[in-house]
Amino acid sequence: MALEWEAGRLDSDLEGVALDTLAVRAGQHRTPEAEHGEAMFLTSSYVFRTAADAAARFAGDVPGNVYSRYTNPTVRAFEERIAAMEGAEQAVATSTGMSAILTLVMSQCSAGDHVLVSRSVFGSTISLMEKYFKRFGVEVDYPPLSDLSAWEAACKPNTKLFFVESPSNPLAELVDIAALAEIAHARGALLAVDNCFCTPALQRPLSLGADIVMHSATKYIDGQGRAMGGVLAGRAELMKEAVGFLRTAGPTLSPFNAWIFLKGLETLRIRMQAHCTSAQALAEWLEGQAGIERVYYAGLQSHPQHELAKRQQRAFGAVVSFEVEGGKDAAWRFIDATRVVSITTNLGDTKTTIAHPATTSHGRLSPQERANAGIKDNLVRLAVGLEDLEDLKADLARGLAAL
Ligand SMILES: *Cc1c(COP(=O)(O)O)cnc(C)c1O
């Protein structure tokens, strides 16, 4: 039975609705089946009514799907939803967070351009810049994240792009995004923000003046450690370039993963709220424990950028790092004594993870580079999940007892 499409009441009217409503409903365009949940289009290509129809769609004269490397309805639904949540004109989904960064630089930069990347970014981001983009004639420098005058001083006439993570991993350092956007724009450069740690539930960089926001959807957007993906969002004119690169080079998001992320976005804000509530409680608790030298969490009064974090973010995130008394051995003893949390460097999962940055995520840096990044041998990073708070405390108490 062929179904007749009756336009009308099947899609929600989202004019003027708030973030929580967008998270649940934006981007969904129901098919003639009138499905309530989002449809998953597992198809690599699309059919045409006639040869002339095929020609018109290939030529771009008529809108419509051609091939899933170019467009896919489930991927598009995810792109529309995240764009709505970030307050962007358009979003472009990618196969991983790293391919989102690849797409960003390939679409916005050319040989001879200069890029500024905050010093404490994700390790693979630095490798991508150092090992690959430099080979193609893109210059890269790394100013310290929060030092605005260092960003000004690092600018050159050919500076094209600023790239930051705020808050940073693992030490929860912030940059004043609005102030940095002004510096970038005064130099004719774009500001891109990796918003992985906050998600649009906690921070919307575009509303603070950033030009492009980037995510590893692998983290909190999925939120349950199942699928890899990434996304860029921003003005249509910037995203057009990203779409061009993506369609040609091909690090496209799978529709199956897009569907997982669509469902992840629906619960994102309440998950983030729960993650942050537990992280705040654990950070405060850890700060009062014998054996803990220092806790890094922007929700603590002791954090030097606590006021900025309150202004810029809706809450303080779920990554809590702390230094234990002693060195590497003490940090390892602490980690090994836990029995509930997972020893892994991933984050953004319902499951709490614990890691030793100096010998894992930052293990390839020289001791001097590690010192510059503020990563000490006694540092432990916790990415707080959704388990019972008292169970997590009891588990960390095992770590404390092992010191
Ligand atoms: C994980 C992560 C990335 C890379 O994302 P993948 O999906 O693993 O490719 C980039 N930035 C940050 C801050 C991350 O945590």
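Here are a few things to note about the model shown:
- For segment 226-270, the list of trypsin sites (Lys or Arg not before Pro) that fall in a loop by DSSP and count at most 16 other C-beta atoms within 10 angstrom reads Arg226, Arg235.
- Here the Karplus relation 6.51 cos²θ - 1.76 cosθ + 1.60, evaluated at θ = phi - 60°, turns the backbone of segment 51-63 into coupling constants of 4, 5, 4, 4, 4, 5, 6, 4, 6, x, 6, 10, x Hz, with x for every Gly and Pro.
- 20 Å-binned pair-distance histogram of the chain (Cα, whole percent): 27, 55, 17, 1
- Note on segment 196-339: Lys pairs 8 or more places apart or on different chains, Cα atoms under 30 Å apart, count 6.
- Across every direction, the projection of the convex hull enclosing the Cα atoms of segment 255-403 has a mean area of 9.9 nm².
- Fraction of antiparallel bridges per DSSP, segment 15-266 only, in percent to nearest 5: 40 percent
- Counted charge near Ser127, where neighbours are those whose Cβ lies closer than 11 Å (Asp, Glu -1; Lys, Arg +1): +2
- Each residue, Ser44 and Asp391, gets one label point 7 Å from its Cα in the Cβ direction; the gap between the two is 4.2 nm.
- Ordering Ala242, Leu22, Ala283 by the projection of their Cα atoms onto the charge dipole of the chain, which places +1 on the Cβ of Lys and Arg and -1 on the Cβ of Asp and Glu, puts Ala242 at the extreme positive end.
- Looking at the chain, the accessible area is 44 square angstrom per residue; that uses a 1.4 Å probe and ignores ligands, DNA and RNA.
- The angle separating the long axis of helix 268-287 from the principal Cα axis of greatest extent in the chain is about 10 degrees.
- Across the protein chains, with a 1.4 Å probe defining accessible surface, the residues His215, His36, His185 rank His36, His185, His215 from largest area downward.
- Residue ranking by accessible heavy-atom surface, 1.4 Å probe, largest first, among Ser302, Ser120 comes out as Ser302, Ser120.
- Net charge of neighbours whose Cβ lies under 10 Å from the Cβ of Pro205, counting Lys and Arg as +1 and Asp and Glu as -1: -2
- Protein accessible area in segment 15-266, 1.4 Å probe - carbon and sulfur %: 55 percent
- For Leu191, nonlocal amide neighbours, meaning residues 5 or more places apart or on other chains whose placed amide H falls under 5 Å from its own, are Phe162, Asp211, Ile212.
- Derived scalar couplings ³J(HN,Hα) [segment 159-166; Karplus, 6.51 cos²θ - 1.76 cosθ + 1.60; whole Hz; x for Gly, Pro]: 5, 10, 8, 9, 10, 9, 10, 9
- Among Ile221, Met85, Phe136 the positive-end extreme of the charge dipole of the chain (Cβ point charges): Phe136
- Residue with peak Gaussian network fluctuation, the chain [Cα springs, cutoff 10 Å], from Ala54, Ala373, Ala309: Ala54
- If only the Cβ of Lys and Arg carry +1 and only the Cβ of Asp and Glu carry -1, the dipole of segment 15-266 around its Cα centre is close to 680 debye.
- Between the helical axis of 73-86 and the longest alpha-carbon principal axis of the chain there is an angle of about 50 degrees.
- Between helix 236-249 and the chain there is an angle of about 90 degrees, using the helix long axis and the longest principal axis of the Cα atoms.
- If you take all other residues with their beta carbon under 10 Å from the beta carbon of Thr352, and give Lys and Arg +1 and Asp and Glu -1, the sum is -3.
- Note, ³J(HN,Hα) from phi for segment 349-355, Karplus 6.51, -1.76, 1.60, rounded to Hz, x at Gly and Pro: 10, 5, 8, 5, 10, 10, 8
- Asp329 - accessible surface, heavy atoms, 1.4 Å probe, Å² rounded to 10: 100 Å²
- Rolled with a 1.4 Å probe across the full set of protein chains, the surface gives Met239 an accessible area near 0 Å².
- Amide H within-cut-off set for Thr159, under 5 Å, with H built and near neighbours excluded: His114
- Among Glu266, Glu237, Glu38: highest mean-square fluctuation, GNM of the chain, C-alpha pairs under 10 Å: Glu237
- Using C-alpha pairs below 8 Å separated by at least 6 residues, the relative contact order for the chain is 16 percent.
- In the elastic network of the chain, a GNM with C-alpha springs shorter than 10 Å, the most mobile of Ser44, Ser68, Ser366 is Ser366.
The values are calculated or read from the model by the stated rules, or taken from the named source; none is laboratory data. Bear in mind the structure is a predicted one, so any value in this text is a computation, not a measurement. In this analysis, Cβ positions are derived from the backbone assuming ideal geometry, glycine residues included, and neighbour counts consider all displayed protein chains. Protein only, heavy atoms only, side chains kept; ligands, DNA and RNA dropped before computing areas. Shrake-Rupley method; radii C 1.70, N 1.55, O 1.52, S 1.80 Å.
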